[in-house]
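Trainee: Before I ask anything, here is the structure I am working with.
The values are calculated or read from the model by the stated rules, or taken from the named source; none is laboratory data. Predicted model, so just to flag it, every value in this text is computed and none were measured. All Cβ positions, glycine included, derive from the backbone under ideal geometry; neighbour counts span all protein chains shown. Protein only, heavy atoms only, side chains kept; ligands, DNA and RNA dropped before computing areas. Shrake-Rupley method; radii C 1.70, N 1.55, O 1.52, S 1.80 Å.
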Amino acid sequence: MKATPENQRTLLEIADLDRRLLQSERARTQPSQGARINELAGVRKQQLGELTALTGVLDDARAELKRIESDVALATQRRDRDGERLATATDPKQAQALENEIDSLTRRISMIEDTELEIMGRVEEAQNDVDAQQALLDQTQTEGAKLTAAAKADIAAATAEGEHLTRDRAALAGTVAAELLADYERRASRGGIGVGLLRRGVCEGCRMVLSGTDITEIRKAASDEVLSCPECGAILVRTEESGL
Ligand SMILES: [Zn+2]
């Protein structure tokens with residue numbers, strides 16, 4: 001195939017844009033924060049499960065405390081009522097019975113209050129556990145929100161860069177013969193190397209040193225002849241840097 005040396009050189013610029021386009025596409029679809037954001041989603045789920053369990057423990061302790069408080073209130077009420085009745089009792093037998101009941105209620109109230117103290121301690125402990133877990137969760141959510149915002153900004157920047165590069169590429173592609181551009185794109189497809197500059201006997205597409213025989217052949221070729229790298233199959237572009 002024939003193509004002007006200018007057209008051939010333009011392919012190098014197009015290849016450079018294609019490389020940058022690939023990078024910006026990767027930055028757009030796979031932001032660097034992605035792995036950590038996914039990791040945090042897993043951590044958040046686990047921490048949320050833990051928080052739910054700890055909140056359950058706290059709720060149970062609070063319910064138990066409420067029951068105990070109502071037990072104390074009931075026993076106290078009853079003892080007060082017995083006290084009032086004792087104050088007005090005339091029958092000694094009845095008074096004795098009331099005194100016995102007041103004693104027994106006092107002992108009972110004292111016992112329930114001990115249990116109440118113990119349960120209050122458990123409520124406090126459970127509340128501390130819930131608070132600590134909530135703090136962990138908040139930390140995870142703050143980090144996640146920060147990373148998500150950063151990823152969004154990176155994606156927006158990569159998208160804008162990609163659009164910019166696409167415009168530049170279209171402008172350059174418009175200056176190259178369609179047949180040559182198609183040839184480059186065919187060679188570059190499926191991860192192949194589309195074009196390489198020959199610099200001091202080395203193909204910059206594949207970094208291989210070309211043999212003396214190859215260089216001799218290249219020297220003989222007309223400047224508008226489209227050459228291929230014998231190593232990687234890329235279009236081999238000659239410039240004054242080629243050392244021919
Ligand atoms: Zn090569």
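Trainee: Put a dot 7 Å past each Cα toward the Cβ at Thr4 and Arg200; how far apart are the dots in nm?
Mentor: 3.1 nm
Trainee: Please identify every one of the trypsin sites (Lys or Arg not before Pro) in the range 178-244 that sits in a loop by DSSP and has no more than 16 other beta carbons within 10 Å of its own beta carbon.
Mentor: On the way: sites: Arg186, Arg187, Arg190, Arg199, Arg200, Arg207, Arg219, Lys220, Arg238; in loops: Arg200, Arg207.
Those satisfying the criteria are Arg200, Arg207.
Trainee: Quick check: Cα centre of the range 50-125 to Cα centre of the range 131-154, how many Å?
Mentor: Value for the Cα centre distance between the two parts: 46 Å.
Trainee: Taking the Cβ of Arg44 as the center, what net charge do the other residues with Cβ under 11 Å away carry, scoring Lys and Arg +1 and Asp and Glu -1? Please list the in-between numbers first.
Mentor: Values: positive: Lys45; negative: Glu39, Glu50, Asp138, Glu143.
Local charge sum for Arg44: -3.
Trainee: What does the net charge come to around Thr239 if you take all other residues with beta carbon closer than 15 Å to its beta carbon, with K and R at +1 and D and E at -1?
Mentor: Numbers: positive: Arg9, Arg199, Arg200, Arg219, Arg238; negative: Glu6, Glu13, Asp16, Glu204, Asp224, Glu225, Glu240, Glu241.
Summing Lys/Arg as +1 and Asp/Glu as -1 gives -3.
Trainee: Would you mind working out the magnitude of the charge dipole of the chain relative to its Cα centre, with +1 at each Lys and Arg C-beta and -1 at each Asp and Glu C-beta, to the nearest 20 Debye?
Mentor: Values: 33 positive and 44 negative charges, 288 e Å.
Its charge dipole is roughly 1380 debye.
Trainee: For the range 3-45, what is the accessible area per residue in Å² when the probe is 1.4 Å?
Mentor: Computed with neighbouring chains in place, this is 62 Å² per residue.
Trainee: Could you calculate, for the chain, the ratio of the Cα radius of gyration to the Kirkwood radius, expressed as Rg to Rh?
Mentor: Numbers: Rg = 42.0 Å, Rh = 26.0 Å.
My calculation puts Rg/Rh at 1.61.
Trainee: May I pose another question? In whole Å, what three semi-axes, largest first, describe the equivalent ellipsoid of the range 36-77 built from its Cα gyration tensor (square root of 5 times each eigenvalue)? Intermediate values should be presented prior to the final figure.
Mentor: Details: eigenvalues 322, 5, 3 Å².
Here the semi-axes work out to 40, 5, 4 Å.
Trainee: Go ahead and collect, in residue order, the members of the range 1-33 whose backbone nitrogen is under 13 Å from a label point 7 Å along the Cα-Cβ direction of Ala173.
Mentor: Zone members listed by number: 14-15, 17-19, 21-22.
Trainee: Quick check: pseudo-label points 7 Å beyond the Cα along Cα→Cβ at Asp224 and Arg67, how many nm apart are they?
Mentor: It works out to 9.9 nm between the two label points.
Trainee: Where a Cα-Cα gap under 24 Å defines reach, which lysines qualify for Lys2, not counting those fewer than 8 residues away within the same chain?
Mentor: Within the straight-line limit of under 24 Å, Lys2 reaches these lysines: Lys220.
Trainee: Give me the accessible area of Cys206, 1.4 Å probe, in Å² rounded to the nearest 10.
Mentor: 30 Å²
Trainee: Could you work out the helix-only [θ] at 222 nm for the chain, with each DSSP H run of four or more residues adding -39,500 (n - 2.57) and the total divided by the number of residues, to the nearest 500 deg cm²/dmol?
Mentor: Working: 5 runs with 182 residues, N = 244.
Taken over the chain, the calculation gives -27500 deg cm²/dmol.
Trainee: Within the accessible area of the chain, what % is carbon and sulfur when the probe is 1.4 Å and the other protein chains stay in place? List each step's numbers first, then the result.
Mentor: Values: 7880 of 15130 Å².
The C+S portion of the solvent-accessible surface of the chain is 52 percent.
Trainee: What whole-number value in cubic angstrom gives the convex hull volume per residue for the C-alpha atoms of the range 55-162?
Mentor: Enclosed volume per residue, from the Cα hull, is 90 Å³.
Trainee: Check Val195: other-chain or 5+ apart residues with amide H under 5 Å from its amide H, H built from backbone geometry?
Mentor: Long-range HN contacts for Val195: Ile235.
Trainee: Related question: Of all DSSP beta bridges located in the chain, what percent are antiparallel, nearest 5? Let's see the in-between values first.
Mentor: Details: 7 of 11 bridges.
Rounded to the nearest five, the antiparallel share is 65 percent.
Trainee: Measuring from the lowest to the highest alpha carbon on each principal axis, how far does the range 87-228 reach, largest first, in angstroms?
Mentor: 136, 34, 21
Trainee: Using the eigenvalues of the Cα gyration tensor, what equivalent ellipsoid semi-axes result for the range 1-131 when each is taken as the square root of five times the eigenvalue, whole Å, largest first? Before the final figure, lay out the partial values.
Mentor: Details: eigenvalues 1425, 17, 10 Å².
After scaling each eigenvalue by five and taking roots: 84, 9, 7 Å.
Trainee: Continuing with the same structure: The range 107-170: percent of C-alpha pairs farther apart than 18 Å? Walk me through the intermediate numbers first.
Mentor: Values: 1375 of 2016 pairs.
Tail of P(r) above 18 Å: 68 percent of Cα pairs.
Trainee: Tell me, rounded to the nearest percent, the portion of alpha carbon pairs in the range 153-244 spaced more than 21 Å apart.
Mentor: Working: 1806 of 4186 pairs.
Taking all Cα-Cα pairs of the range 153-244, the fraction more than 21 Å apart is 43 percent.
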